[in-house]
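Undergrad: Here it is: the structure, laid out below.
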Amino acid sequence: VEFYESGWDVKHIMKQILMSATYRQSSAGTPELWKEDPQNRLLARGARFRLQAEAIRDATLKVSGLLVERVGGASVNPYQPEGLWREVSHYGSSPATAQVFVQDHGEKLYRRSMYTYWKRTVPPPTMATFDAPSRETCIVKRSRTNTPLQALALLTDVTYVEASRKLAERMLEQKTLTSAGRIRFAMRVVLAREPSDRELDVFLKGWERYQSRFAAQPEAARKFLDVGESRSAIQYDPAEHAAFTVIASLILNLDETINRE
């Protein structure tokens, strides 16, 4: 009725839904409520589900400081495994026919996912891993899966490793803070909350362990920090930077980060 009376105003009805108390409520529920209404048909609690592929990538780029927020422009070709298009393309075809993938550079690597060039027979692999549809047919609702391959992508895909490094740089820029303070800063940036004492203890012990490991293996630290094309304006201690990069990666891979609570 509201949609009709507003003159079929899509922006109005979307805003109405998004700002409603029902939509904004927490996904937490009492044991009694979960037992009585496991499917949440009564809408007595908020929905909890993994974010869509594009939202995960864009949110990761945003908190790292890499995201280019300029609106409009041509499609872009961000990072992609080499030779992926070749498997379904005619050998010898030129880039002009979109049969050969030519990676972009600079800010084009960090544009919103909506600008990513989409080849229907070979969709962007990381987005496909997170259930983005192939766009060969129209679908009403995307599937949502949780697989080990998704965790592997978040830990090893160049976009996410690079974003972790840049988030670690943001942590290191907080020069007046201790290591614990920098971890708290990252938690506030990514999750909008402070870590619990137990979480902070786990992160600090992990940071100390990885800093010692990277200090003993400086070449491994440099190799780890060399992932991605962006570069830091300030040269930080490689062992410390790499250790904070691992912590940043852990925070970016928490269930709480990639799920709507």
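Matching residues to (1) over 21 Å from PRO81 (Cβ atoms); (2) touching a residue at least 12 places away in the same chain (Cβ under 8 Å):
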| site | (1), (2) |
| --- | --- |
| LYS141 | yes, no |
| ARG144 | yes, yes |
| GLN150 | no, yes |
| LEU154 | no, yes |
| TYR160 | no, yes |
| ALA163 | no, yes |
| LEU167 | yes, yes |
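Undergrad: For VAL100, state whether it is surrounded by fewer than 19 Cβ atoms within 10 Å (Cβ to Cβ), in contact with a Phe, Trp or Tyr (Cβ under 7 Å, 6 or more places away or on another chain), modelled with pLDDT under 95 and part of a loop (DSSP other than H, G, I, E, B). Outline the logic, then answer.
TA: Values: surrounded by fewer than 19 Cβ atoms within 10 Å (Cβ to Cβ): yes; in contact with a Phe, Trp or Tyr (Cβ under 7 Å, 6 or more places away or on another chain): yes; modelled with pLDDT under 95: yes; part of a loop (DSSP other than H, G, I, E, B): yes.
So VAL100 fits the description; yes.
Undergrad: Within region 200-211, identify whether any single residue is open to solvent by 50 Å² or more (accessible area, probe 1.4 Å), of a type in the set (Ser, Thr, Tyr) and in contact with a helix residue (DSSP H, G or I) (Cβ under 7 Å, 6 or more places away or on another chain), and answer yes or no.
TA: Taking every residue of region 200-211 in turn, at least one turns out to be open to solvent by 50 Å² or more (accessible area, probe 1.4 Å), of a type in the set (Ser, Thr, Tyr) and in contact with a helix residue (DSSP H, G or I) (Cβ under 7 Å, 6 or more places away or on another chain).
Okay, residues lined up against (1) modelled with pLDDT under 95; (2) closer than 25 Å to ARG111 by Cβ; (3) among the polar types (S, T, N, Q); (4) outside any loop (DSSP other than H, G, I, E, B):
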| site | (1), (2), (3), (4) |
| --- | --- |
| ARG165 | no, yes, no, yes |
| ARG182 | no, no, no, yes |
| GLN211 | no, no, yes, yes |
| TYR236 | yes, no, no, no |
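Undergrad: Given (1) surrounded by 14 or more Cβ atoms within 10 Å (Cβ to Cβ); (2) outside any helix (DSSP H, G or I), identify the lone condition not met by MET187.
TA: Only one criterion is unmet by MET187, namely (2).
Undergrad: Condition first: at pLDDT below 95 and among the aliphatic types (A, V, I, L, M). Now tell me which residues in region 1-18 satisfy that.
TA: Across region 1-18, the qualifying residues are VAL1, ILE17, LEU18.
Residue-by-condition table, conditions (1) more than 24 Å from LEU109 (Cα to Cα); (2) without any contact (Cβ under 8 Å) to a residue 40 or more places away in the chain; (3) not polar (S, T, N, Q):
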| position | (1), (2), (3) |
| --- | --- |
| ALA192 | yes, yes, yes |
| ARG198 | yes, yes, yes |
| LEU204 | yes, yes, yes |
| GLU219 | yes, yes, yes |
| ARG222 | no, yes, yes |
| ARG231 | no, yes, yes |
| THR245 | no, no, no |
| ALA248 | no, no, yes |
| ASP255 | yes, yes, yes |
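Undergrad: Oh, and also: Can you confirm whether ALA151 is over 14 Å from the mean Cα position of the chain (by Cα), under 19 Å from VAL63 (Cα atoms) and of a type in the set (Gly, Ala, Ser)? So that I can check it myself, show each step before the final result.
TA: Working: over 14 Å from the mean Cα position of the chain (by Cα): no; under 19 Å from VAL63 (Cα atoms): yes; of a type in the set (Gly, Ala, Ser): yes.
Against the criterion (over 14 Å from the mean Cα position of the chain (by Cα), under 19 Å from VAL63 (Cα atoms) and of a type in the set (Gly, Ala, Ser)), ALA151 does not qualify.
Undergrad: Another question about this same structure. For region 1-86, give me every one of the helices (runs of 4 or more DSSP H) that falls completely inside it and has 1 or more residues that are of a type in the set (Lys, Arg).
TA: The helices (runs of 4 or more DSSP H) meeting that bar are 10-18, 21-24, 31-36, 53-64.
Undergrad: Got at least one residue in region 220-234 being outside any helix (DSSP H, G or I), touching a helix residue (DSSP H, G or I) at 6+ places or on another chain (Cβ under 8 Å) and open to solvent by less than 20 Å² (accessible area, probe 1.4 Å)?
TA: Scanning region 220-234, I find at least one residue that is outside any helix (DSSP H, G or I), touching a helix residue (DSSP H, G or I) at 6+ places or on another chain (Cβ under 8 Å) and open to solvent by less than 20 Å² (accessible area, probe 1.4 Å), so the answer is yes.
Undergrad: Quickly run through region 49-83 and pick out the residues that are open to solvent by less than 30 Å² (accessible area, probe 1.4 Å), of a type in the set (A, V, I, L, M) and in contact with a strand residue (DSSP E or B) (Cβ under 9 Å, 6 or more places away or on another chain).
TA: Those that are open to solvent by less than 30 Å² (accessible area, probe 1.4 Å), of a type in the set (A, V, I, L, M) and in contact with a strand residue (DSSP E or B) (Cβ under 9 Å, 6 or more places away or on another chain): ILE56, LEU61, LEU67, VAL68, VAL76.
Undergrad: Out of the residues in region 21-48 that are open to solvent by 60 Å² or more (accessible area, probe 1.4 Å) and within 23 Å of the chain's Cα centre (by Cα), state the one that is nearest to LEU109 (Cα to Cα).
TA: ARG48
The values are calculated or read from the model by the stated rules, or taken from the named source; none is laboratory data. Note that this is a predicted model, so its numbers are computed, not measured. Backbone-built Cβ (ideal geometry, glycine too); neighbour counts: all protein chains shown. The accessibility values were calculated without ligands, DNA or RNA, using every heavy atom of the protein model including side chains. Shrake-Rupley method; radii C 1.70, N 1.55, O 1.52, S 1.80 Å.
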